[in-house]
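*Asks:* The structure follows.
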Amino acid sequence: MTTVSYHNLKFRVFAALFAALYILFHGRPPDFADAFTSPEFYFQLALSFSIALGLIYLVHYFTKRLDRHCDWRTQRIKRMYMQFILCVILPSFIDALFFYFYFKENGQSIFENGFVWIDLPIVGGLFTLLSVYYWLYYILASEKEIYREIEHQNLKIDESSPNLDNGDLEIKWKDDVIRFNVAKDVLCFFRSGKQVYFNSMEGNLYKANDSIGNLAIRYSTYGFIQINPGVLINKTIIEGYKSGEKRDTLLVEVRKKYQNIIGENRNFLLIITREYINNAKKHLEPF
């Protein structure tokens, strides 16, 4: 799974301040002159800001934990549920619980003073927006991670042009042309964002100038199997398969010599999703 570093401390502080001010003024007449000259206002602002900052950190913490165990790219439905429970429902509940005791000490009820009906839905909405922010951050940052990996490994990136007659694939690299026999030289094709790449058997990464759908049609007779919407894998590298972590999925087991090429952070290349299971099993019966 791809991990992402969230360098967003300033954003979190600003978001906490914005949330505190929004909650204090939402649904109330905006008397700014009176508010900014009142010591009570600054006490409530400091209290709301501290709570908001703590809860935003809680969202930040759980988001990083979920990235390691249930990332957006490989388990998006499960991740959506877990993100909603841990990063929207839980912090909203903690916020409500805190203010329940706070207002109770001041002789008020959160059901009568408008907190439950006005403030709490806004709090939940703000945590939802925060989760959307982290989702977008993850998608964009993990996309960049692929390019960093490419640069780090000094892999060749250029456009490919398929030869339809004999299953060859040509790479235009600088002034040269590299030709691959897909059945013998290509490990898998996979989509990342809007771009399709392929790994060679040597572990190099190249850009494919075609869609996964077209490649699946073109190379199905050369031993390639589509195992999910974004991955086409060479049958010769497969040792077997087993039940996946997610319901209605299988996990491809590759031969030991190719495991380092796949890598621990790219398990999405090995997941057979429900709509592709029957076709994959038909091709993998010997296993």
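The values are calculated or read from the model by the stated rules, or taken from the named source; none is laboratory data. Treat the numbers as computed from the prediction; the structure is a model and nothing was measured. Cβ: placed from backbone, ideal geometry, glycine included. Neighbour counts: every protein chain shown. Quick note on the areas: whole protein, heavy atoms, side chains included, nothing else; ligands and nucleic acids left out. Shrake-Rupley method; radii C 1.70, N 1.55, O 1.52, S 1.80 Å.
*Asks:* Ranked by accessible surface with a 1.4 Å probe, highest first, in what order do H7, H69 come?
*Replies:* Descending accessible area places them as H7, H69.
*Asks:* Just the accessible area per residue of segment 180-287, please: how many Å² with a 1.4 Å probe?
*Replies:* Normalised by residue count, the accessible surface of segment 180-287 is 52 Å².
*Asks:* Next question, about the same structure. Taking H placed 1.01 Å from N in the peptide plane, check which residues at least 5 places from V186 or on another chain put their amide H under 5 Å from its amide H.
*Replies:* Distant-sequence amide H within range of V186: M201.
*Asks:* A follow-up question, please. Using 1/(1 + (r/R0)^6) with R0 = 51 angstrom and r between the beta carbons of F101 and S243, what's the FRET efficiency to the nearest 0.05?
*Replies:* 0.65
*Asks:* If the convex hull of the alpha-carbon atoms of segment 12-140 is projected onto planes in all directions, what is the mean projected area in square nanometres?
*Replies:* Here the figure is 8.5 nm², rounded to one decimal.
*Asks:* If you add up the charges near E245, with Lys and Arg at +1 and Asp and Glu at -1, over every other residue whose beta carbon is less than 13 angstrom from its beta carbon, what do you get?
*Replies:* Numbers: positive: K78, R79, K242, K246, R247; negative: D71, D248.
Value of the local net charge: +3.
*Asks:* Another one. Which order do R68, R274 take by accessible area at a 1.4 Å probe, largest first?
*Replies:* R274, R68
*Asks:* For L45, L9, give the ranking by accessible area with the largest first, probe 1.4 Å.
*Replies:* Greatest to least solvent exposure: L9, L45.
*Asks:* Could you work out how much longer the chain between K64 and Y6 gets when fully extended? Use 0.36 nm per residue separation minus the Cα distance between them, nm to one decimal. Walk me through the numbers before you get to the answer.
*Replies:* On the way: separation 58, 0.36 × 58 = 20.88 nm, distance 0.84 nm.
Result: 20.0 nm gained on full extension.
*Asks:* Right, next: Ranking request for peptides 125-136, 104-115: highest mean number of other beta-carbon atoms within 10 Å first, then the rest in descending order. Each step should come with its number before you reach the end.
*Replies:* Numbers: 125-136: 16.9, 104-115: 12.2.
So the order, starting with the most tightly packed, is 125-136, 104-115.
*Asks:* Right, something else. For segment 40-48, take each phi angle, set θ = phi - 60°, evaluate the Karplus expression 6.51 cos²θ - 1.76 cosθ + 1.60, and give the result in whole Hz per residue in order, putting x for glycine and proline.
*Replies:* 4, 4, 5, 5, 5, 5, 4, 5, 5
*Asks:* Take the residue pairs K207/K246; K78/K242; K172/K194; K194/K281; K78/K207; K64/K246 and return only those whose Cα atoms are more than 24 Å apart.
*Replies:* From the list (K207/K246; K78/K242; K172/K194; K194/K281; K78/K207; K64/K246), the Cα-Cα distance tops 24 Å for K207/K246; K194/K281; K78/K207.
*Asks:* Here's another thing I want to ask about it. Label segment 189-287 by shape, choosing from rounded, prolate and oblate, from the square roots a ≥ b ≥ c of the eigenvalues of the Cα gyration tensor; if a/c is under 1.5 it is rounded, and otherwise prolate applies when a/b is larger than b/c, oblate when it is not.
*Replies:* Taking the square roots of the gyration eigenvalues as a ≥ b ≥ c, segment 189-287 is rounded.
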